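The values are calculated or read from the model by the stated rules, or taken from the named source; none is laboratory data. Fair warning: this is a prediction, and the values are worked out from it, not measured in the lab. Please note: Cβ atoms are built from the backbone with ideal geometry, for glycine as well, and neighbour counts cover all protein chains shown.
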Ligand code: BGC
């Protein structure tokens, strides 16, 4: 019997801002690197050429995002040309027989949104839902929708660590933002289904494997347990019950009600690495994390541990939802294409094993198509199957692209 079903999604994933920037986005002025190269890879102009690369790879699906700040540059303005631009992407994909998967929110916001109604204010809900309805009623031929990319990463970066917009470090505000973001997901789920009755809707949730820094240390083990519960499991529970339970070690759990019970048609999993944790009162939020090359698979250019087995672990966690699972992102930052090839093979092998063991995995999206802007690392880390020269905007195939094309072809037959 074939391990990979015929309709398995072999794809790549991208996000709009990381490829094309946007003058009206919060990030455009947040990171000084972007002042010199606001158009990043110039994908907004070169998108037809880039979509052709998808055809060359032989993928049958493509996950990309809409840049909200291009579509609604001011609260009272919809840019119909920008909407037509994203429709053209969808039309080209359909023409190539590639299934589009559209992400409504992938980290960036229109600047006015963050200034007026950031996520911790209830006004954010109405703003996001207006944008959702506008997009769902305007775009044709999209069945797969991701409402939010990595909602927890938005909250940790923007509200706890402060390293991403709006740059806050405030636990009560982070909980208010969590409630509003997931309220948006629940309501957006209904809006999408109203316009596209056979829609398939999810979030793309970042899942990681956690381990204690020192196995023998009970405090490290406690921290690992707390992190695993919060990061991997609390969202699954919330989709089952409509209640988020946020438990910090040594404090009473907080329960937050959100209208998301059952509001999922599949579950999108983004998986990259394993994280070792320990308590350290001198570190932000009392937690210190590091990545160790314990099993000899190496570290990536960002320093993350390559830990293929972890993908199976998080997929099994996610299977508690009893829904189809799609790996909406998995990839490696590396200048070494051999390392990239190895990473891809090892992770796809894990997916294959999971399928044999009975997990309902419906797709694998490699992150990412061409080198892009990486949120905290700028332009120096290379996730792409194609290399980008950021001075000339030329794209160059790498052996990782050739290998992914081969992988798709050979595994589709197996
Ligand atoms: C995000 C991407 C990011 C990738 C690598 C994911 O968490 O969705 O935007 O580039 O990880 O860090």
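Descriptive notes on the structure:
- Test: residue in the stretch 142-161 that is surrounded by fewer than 19 Cβ atoms within 10 Å (Cβ to Cβ), modelled with pLDDT under 95 and in a loop (DSSP other than H, G, I, E, B): yes
- Taken together, 320, 395, 382, 353 contain a single residue that is touching a strand residue (DSSP E or B) at 6+ places or on another chain (Cβ under 9 Å) and away from the ligand (no atom under 16 Å from the Cβ), which is 395.
- Flag if residue 194 is modelled with pLDDT of 95 or more, touching a strand residue (DSSP E or B) at 6+ places or on another chain (Cβ under 6 Å) and more than 29 Å from residue 294 (Cα to Cα): no
- Per this entry, residue 387 is counted among residues that are over 20 Å from the mean Cα position of the chain (by Cα), farther than 30 Å from residue 237 by Cα and away from the ligand (no atom under 14 Å from the Cβ).
- Residue check for residue 327: more than 24 Å from residue 27 (Cα to Cα), surrounded by 21 or more Cβ atoms within 10 Å (Cβ to Cβ), modelled with pLDDT of 95 or more and within 14 Å of the ligand (Cβ to nearest atom): yes
- Filtered residues of the stretch 197-239 (kept if more than 18 Å from residue 153 (Cα to Cα) and touching a helix residue (DSSP H, G or I) at 6+ places or on another chain (Cβ under 7 Å)): 199, 201, 211, 212, 213, 214
- Screening 37, 90 for residues that are touching a residue at least 40 places away in the same chain (Cβ under 8 Å) and out of contact with any strand residue (DSSP E or B) (no Cβ under 9 Å at 6 or more places or on another chain) leaves exactly one candidate, 37.
- Meets criteria (in a helix (DSSP H, G or I), touching a helix residue (DSSP H, G or I) at 6+ places or on another chain (Cβ under 8 Å) and surrounded by 17 or more Cβ atoms within 10 Å (Cβ to Cβ)) for residue 178: yes
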